[in-house]
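To keep things clear, I will list the structure first and then write my remarks on it.
The values are calculated or read from the model by the stated rules, or taken from the named source; none is laboratory data. Please read these numbers as outputs of a predicted model, since none were measured by experiment. Note that each Cβ is placed from the backbone with ideal geometry, even for glycine, and that neighbours are counted across all protein chains shown.
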Amino acid sequence: MRNIGILILTFILQSCLNRDESRVNIRCNQDCITFTINVKTGLNSQTPVAGAKVELGWNRPATPIGNPGRLIAKGSTNEKGNFSFSFTPDAKELQEGRFYVFVQKDKNYHSQLNSYYGINRTDTVVSANIHLPSKALIKIIYKNFYPTTSADFFEAIPGFSSYGSNGIAVRQSETINAHNFGFYGNEPAFDKYEVTGETAGDQFTTFDILIKKNGQRIDRRDSIYIKKGETGIFEIEY
């Protein structure tokens with residue numbers, strides 16, 4: 001009996017944690033919500049992305065257990081980066097949770113997830129403009145860090161614009177000697193230290209720079225343009 005109870009509990013938990021994919025791409029003709037999705041990439045998000053895979057869904061994120069929701073529609077963008085779908089929402093979807101659009105293409109692009117809250121009525125048209133950044137690498141070369149006190153600091157944090165879509169962090173390459181983008185005064189001095197990360201291509205990577213040295217604080221910003229699939233190099237002196 002105990003084993004049967006465990007099996008039943010496991011089944012219930014799996015049902016609660018799995019997204020419902022039994023009603024995908026079912027269109028409606030009245031009392032609809034319409035998502036008009038446009039996917040672009042590059043500088044100022046001006047270049048349409050054809051053939052991007054799109055998922056439209058609803059869920060209710062929560063801790064510890066939310067509602068995984070359902071997959072409403074899936075498809076691919078046309079040559080202009082467009083994908084549109086109209087559907088009939090469930091009653092609870094107008095009362096709680098969020099609608100979302102998830103977009104991905106291939107290994108040369110980041111994936112993107114945008115959330116849409118507060119949609120509480122039918123006959124609604126949502127214009128979802130998605131920025132799908134391509135991938136590039138950034139190599140930051142930190143030079144001549146010779147701290148004299150534990151209060152000294154040397155940092156250059158990279159980032160890139162999502163042009164209104166959900167922000168994506170620059171992810172550091174996983175290496176044995178990987179270090180974050182900042183160095184404290186109680187860390188060893190060095191002539192040169194390189195940190196590599198994955199950033200966006202065909203647009204600018206920006207740097208928030210903070211230097212604490214000899215009791216003075218210096219804050220500034222800088223940027224470099226990196227093409228898709230290439231490696232940009234940014235050198236900074238302490």
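Ser150 falls short on exactly one of the conditions (1) farther than 22 Å from Ser223 by Cα; (2) in contact (Cβ under 8 Å) with a residue 24 or more places away in the chain; (3) in contact with a strand residue (DSSP E or B) (Cβ under 6 Å, 6 or more places away or on another chain), and that condition is (3). Among residues of region 99-114 that are over 14 Å from Ala136 (Cα atoms) and of a type in the set (D, E, K, R), those with a Cβ under 6 angstrom from a residue that is modelled with pLDDT of 95 or more and part of a loop (DSSP other than H, G, I, E, B), sequence gap 6+ or separate chain, pair up as Lys105/Ala52. Scanning region 41-63 for residues that are within 24 Å of Asp90 (Cα to Cα) and either part of a helix (DSSP H, G or I) or polar (S, T, N, Q) (or both) yields Asn59, Thr63.
Among the residues making up region 71-104, those that are in contact with a Lys or Arg (Cβ under 8 Å, 6 or more places away or on another chain), among the hydrophobic types (A, V, I, L, M, F, W, C) and in a strand (DSSP E or B) are Leu71, Ile72, Phe85, Phe87, Val103. Looking only at residues of region 52-81 that are aliphatic (A, V, I, L, M) and either out of contact with any strand residue (DSSP E or B) (no Cβ under 9 Å at 6 or more places or on another chain) or not assigned by TED's automatic domain parsing to the domain that holds Ile37 (or both), we find that the one that is nearest to Asn129 (Cα to Cα) is Ala62. Here the strands (runs of 3 or more DSSP E) wholly within region 105-224 that include at least 2 residues being more than 30 Å from Asn82 (Cα to Cα) are 134-145, 153-160, 182-184, 190-201, 203-213.
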